[in-house]
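The values are calculated or read from the model by the stated rules, or taken from the named source; none is laboratory data. Note that the coordinates shown come from a computational prediction; the quantities given were computed from them, not determined experimentally. When we count neighbours, we look across all protein chains shown, and the Cβ atoms used for this are built from the backbone with ideal geometry, even at glycine. The area values use the complete protein model at the heavy-atom level, side chains included, leaving out ligands, DNA and RNA. Shrake-Rupley method; radii C 1.70, N 1.55, O 1.52, S 1.80 Å.
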Amino acid sequence: MPALLEVDGLTIKAHKDNGGLVPIVKGVSFTIERGEVVALIGESGSGKTTIALSALGYSKPGLAFTGGEVRLEGRDVLSIPPDDKRAMRGRHVAYLAQSAAATFNPALTIGEQVTESPVLHGQMTREESQERAKALYRALELPDPDRLGRRYPHQVSGGQLQRLMAAMALCGKPDLLILDEPTTALDVTTQIEVLKAFKSVIKHEGAAALYVTHDLSVVAQIADRIVVLYAGEVLEHGEADQVINNPSHDYTRRLMAAVRPPPAAGQGDTALADHVRESPAIEVKGVSAGYGRQRDGSAVVKVLRDVNLVVQRGHTVGIIGESGCGKSTLARVMSGLLPATEGEILLDGAPLRPSLRQRNRSELQRIQFVFQMADVALNPRQRIDGILGRPLEFYFGLRGKEKRRRVSALLEMVELPAEFAGRYPEELSGGQKQRVNLARALAASPEVLLCDEVISALDTIVGANIIELLKRLRRQSGVSFVFISHDLSTVASFADDIVVLYAGRVVEQGPTDRVLSPPYHPYTRLLIASVPELRIGWLEETMESRVAQAGLDRIVTMTDTGCPFFDRCSIGVKGLCDQETPPVRHLGGRHAIECHRSEAEFLEGTF
């Protein structure tokens, strides 16, 4: 009996501007058996997504299948008629994209979108597909499964939307799932919930999966076999245990070496004091903010509550926390995209006006924002030279030859070839688009760079290179970073100080080494325990731990009463933590924890 999917000598070429063809996938072969998860790993641009999309009989614009076969249940999907391909997609093979936010239509309810494919293909009636969807919501551990379908995409969290994308793919009971970086943009606690749900549902449904990722720690938790790719070629292929624990190719060993260790003290790169001035680069004082406005000016939905932090010139402050904790909202307040309702922002000691529209060009130039989703941050109708050239014109008046020279220098700075200047965003991989996103912010030569999950879409090697680039920029120019990330290992290696946000409050902050060493706030401990390790079986072990069982699979709830982390805390005190606002405990060395547990308990580590 043939394997469910057989990729045999697949060759894909790209059209060049001069009409020629250049190979980007070079004779790739592998199989996927029923009930099996096979992972494609490699750097950005190695051909992972291109190969995965071939299982749908699809190629991106500018690409062409030039050799080999891709057989689904013995039938070559590359040569079948277009009508047969449309019938196959969704029914026999389903695709989960990297960005759930870009996948869902904001104007339609979740239920309409999840059930669309099986109804469209005539597999189920509307009523049957709705019952199927509710069963999947339960299997994926989503809240309120009976009424969830009536909500719109913006009314659920990022992690829930990612799981809903899995429900949408599974609703038609496909034989094969293509999972393209489905947990990349998720925070660590949500990521392991989604991984657990995916693993359970794939096993329960009896489906096979092709898992595309650059995250080897994730691969170790879900894959049965691993295919290692480089520049469109297979360098290594074997059982997950063998590839992870006993790799045979030097490139695979290089990928393993690029995986950062679990976050702990002593991993950081301390900034020099060369650029420090009397005033901090940027300071946040008593800031509260939210969305919607009441008549008295206060926010209808309050997201940030009395936030304080200081970023010295040439230093990096890492802001960590789950989706919905207020990290991106804080960055939006600092940039002026969202005016604060209380408190103030100081730039080099001078107060900034709350709104972006009220700030002058110099203030705009000195604070730049690198957005999380490059897919929606880059204008698809503009070429890369236009995207990078606009801030050069706006802030410095550069034109012509000098602007082109500076665009080439920016591309080189983020390790992209100069010829990318003539491409459109759709012609780049996810990681390449994110580097263009970073280059656009660097074009303004800012003093403060607000980085919102800037390496979440990058593979381990390129991500490590970008961090080294940012460190070098910091040393040379004194630029300061506010580095928002769910990747604690990256924050541990880059940040001088860490601010831990939960439900819009700073629950812990201080120098990196102190925050990542006991004593921890209970929430910080949960975040550290949730970082995947490059070890098979880690996921199952973690899900059994007391900290994980208490803190995982819970929604971040904004509250003015008591400690917002109480219902997820393994050491909470009923009648105290759920009723009274916790005090701030100063543990020395600028290390502070907001908790009802006493300073002596923290210092003695008695819980």
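The residue list Glu419, Glu415, Glu426 contains one member that is among the acidic types (Asp, Glu) and modelled with pLDDT of 90 or more, which is Glu419.
Can you name every residue in segment 1-15 that is surrounded by fewer than 17 Cβ atoms within 10 Å (Cβ to Cβ) and in a strand (DSSP E or B)?
Of everything in segment 1-15, those that are surrounded by fewer than 17 Cβ atoms within 10 Å (Cβ to Cβ) and in a strand (DSSP E or B) turn out to be Asp8, Gly9, Thr11, His15.
Among the residues of segment 148-169, those that are under 19 Å from Glu116 (Cβ atoms) and assigned to a loop (DSSP other than H, G, I, E, B) comprise Arg151, Tyr152, Val156.
Within segment 588-607, the only residue that satisfies the criterion of being at pLDDT below 75 and among the aliphatic types (A, V, I, L, M) is Leu603.
Filtered by the rule that a residue be open to solvent by less than 10 Å² (accessible area, probe 1.4 Å), over 25 Å from Arg75 (Cα atoms) and either in contact with a Gly (Cβ under 8 Å, 6 or more places away or on another chain) or assigned to a loop (DSSP other than H, G, I, E, B) (or both), segment 192-226 gives Val194, Thr213.
Consider segment 79-97 and keep the residues that are touching a Gly at 6+ places or on another chain (Cβ under 6 Å) and open to solvent by 30 Å² or more (accessible area, probe 1.4 Å). The one that is nearest to Glu233 (Cα to Cα) is Lys85. Being open to solvent by 40 Å² or more (accessible area, probe 1.4 Å), modelled with pLDDT under 75 and part of a loop (DSSP other than H, G, I, E, B) is a property that holds for Val276. Scanning segment 82-109 for residues that are under 12 Å from Ala55 (Cα atoms) and part of a loop (DSSP other than H, G, I, E, B) returns Gly90, His92.
Within segment 284-403, which helices (runs of 4 or more DSSP H) (wholly inside it) include 3 or more residues that are in contact (Cβ under 8 Å) with a residue 40 or more places away in the chain and crowded, with 20+ Cβ neighbours inside 10 Å?
Filter on segment 284-403 gives 327-335, 384-396.
Scanning segment 567-594 for residues that are open to solvent by 30 Å² or more (accessible area, probe 1.4 Å) and aliphatic (A, V, I, L, M) yields a count of 3. Can you name the residue in segment 59-69 that is without any contact (Cβ under 8 Å) to a residue 60 or more places away in the chain and crowded, with 17+ Cβ neighbours inside 10 Å and is also farthest from Pro425 (Cα to Cα) among such residues? It comes out as Phe65.
Evaluating Asn18 against the criteria (1) open to solvent by 30 Å² or more (accessible area, probe 1.4 Å); (2) in contact (Cβ under 8 Å) with a residue 40 or more places away in the chain; (3) on the phi < 0 side of the Ramachandran plot; (4) not in a strand (DSSP E or B) leaves one unmet condition, (2).
Does at least one position in segment 373-388 carry a residue that is under 30 Å from Arg568 (Cβ atoms) and under 21 Å from the mean Cα position of the chain (by Cα)? Taking every residue of segment 373-388 in turn, at least one turns out to be under 30 Å from Arg568 (Cβ atoms) and under 21 Å from the mean Cα position of the chain (by Cα). Please tell me if Leu72 is at pLDDT below 95, in contact with a His (Cβ under 8 Å, 6 or more places away or on another chain) and open to solvent by less than 40 Å² (accessible area, probe 1.4 Å). So Leu72 passes the test.
With the requirement that a residue be in a helix (DSSP H, G or I) and over 17 Å from the mean Cα position of the chain (by Cα), what does segment 466-491 give you?
Residues satisfying the conditions are Glu468, Leu469, Leu470, Lys471, Arg472, Leu473, Arg474, Arg475, Gln476, Ser477.
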